Amino acid sequence: MMTSSLLQDKTALITGASRGLGLYIAKRFWELGSSLILVARNKHKLELCYEELSASTKSQQSIQLISSNLGENHAISQLTQQISHKKIDILVNNAAIQGPIGNSWENNWSEWEQTLQVDLFAPIALCRAVIPGMIQRQYGKIINLSGGGATNARPKFSAYAVSKAGLVRFSETLAEEVNPFNISVNCIAPGAMNTDMLREIVAAGKDKVGEREYTQVTKKIADENSGMQQATELCAFLASPQSDGITGKLIHAVWDPWKNLAEYVEELKASDIYTLRRIVPQDRGKNWDPLL
């Protein structure tokens, strides 16, 4: 059970914090006692978030707002400079865009590049910016939001899928690099949520996104339960001491038994469970090599 002081004395930087899942996460971390550095493009929405949260301020909690467009190189550079000397205990790379929809060879190339900029390069840059301070303090929690396409092919959404798959593999690699410094790095697969991204898919139409994707999305939008609560609670778990020892994993908010993972930390450390791996014939009970 998470107490209201679970993240007390911690400071969390959350990107994409003005709406959707990022806003849910910001509110939950605030409830758990964390100070916040909230990053988003829309300054007005950030200010509205500040007004709501500051009405329930606990002692020693603080909120800093940073308006930044992660799709611009100079904005990322300015942001990393702003945060490089701050005490950041928790980093949540939540901001993302869907990018171009349709066959990859028909996508607008600048939009394709922009998607990788926001969804992959910006999170990597922020990780690079906060890690030196985390190493100095010998503590840190990094949580990267994955998404559809990281573990399976996702036709018509190539830029988004490539960026999220790259983010997962980067997180696995980074987790091993920073493990000696008591820093954990994990990814969350939040599952389908009733967000602006889903509405973009509906607007694109069945012909462009494919019948299967379109059907799944329209069903999700019709579902009043957005699914954000589960992803938010998983994020809080991974940000808290309850997840100590769990690192380098991609955990699904809906389908994985993450509430019990603390019981299996040692087994997780010794296995490739919840990681991206190549499947060979032997993994499926097949022997295609006459020498075996």
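Observations on the structure shown:
- Contacts under 6 angstrom Cβ, first residue in the stretch 160-178 being assigned to a helix (DSSP H, G or I), partner crowded, with 23+ Cβ neighbours inside 10 Å and of a type in the set (D, E, K, R), 6 or more apart: 163/119
- Residues of the stretch 1-25 that turn out to be β-branched (Val, Ile, Thr) and within 15 Å of the chain's Cα centre (by Cα), as a count: 3
- Checklist (1) in contact with a Pro (Cβ under 8 Å, 6 or more places away or on another chain); (2) buried (at least 19 other Cβ atoms within 10 Å of the Cβ); (3) over 22 Å from residue 49 (Cβ atoms) applied to residue 140, failing item: (1)
- Flag for residue 221 being modelled with pLDDT under 95, aliphatic (A, V, I, L, M), part of a helix (DSSP H, G or I) and surrounded by fewer than 19 Cβ atoms within 10 Å (Cβ to Cβ): yes
- Flag if residue 58 is charged (D, E, K, R) and within 17 Å of residue 88 (Cβ to Cβ): no
- Hey, residue 244 touching a residue at least 40 places away in the same chain (Cβ under 8 Å) and surrounded by fewer than 17 Cβ atoms within 10 Å (Cβ to Cβ) or not: yes
The values are calculated or read from the model by the stated rules, or taken from the named source; none is laboratory data. None of these values were measured; they are calculated from a predicted model. With ideal geometry, Cβ positions are generated from the backbone for all residues, glycine too; neighbour counts draw on all protein chains shown.
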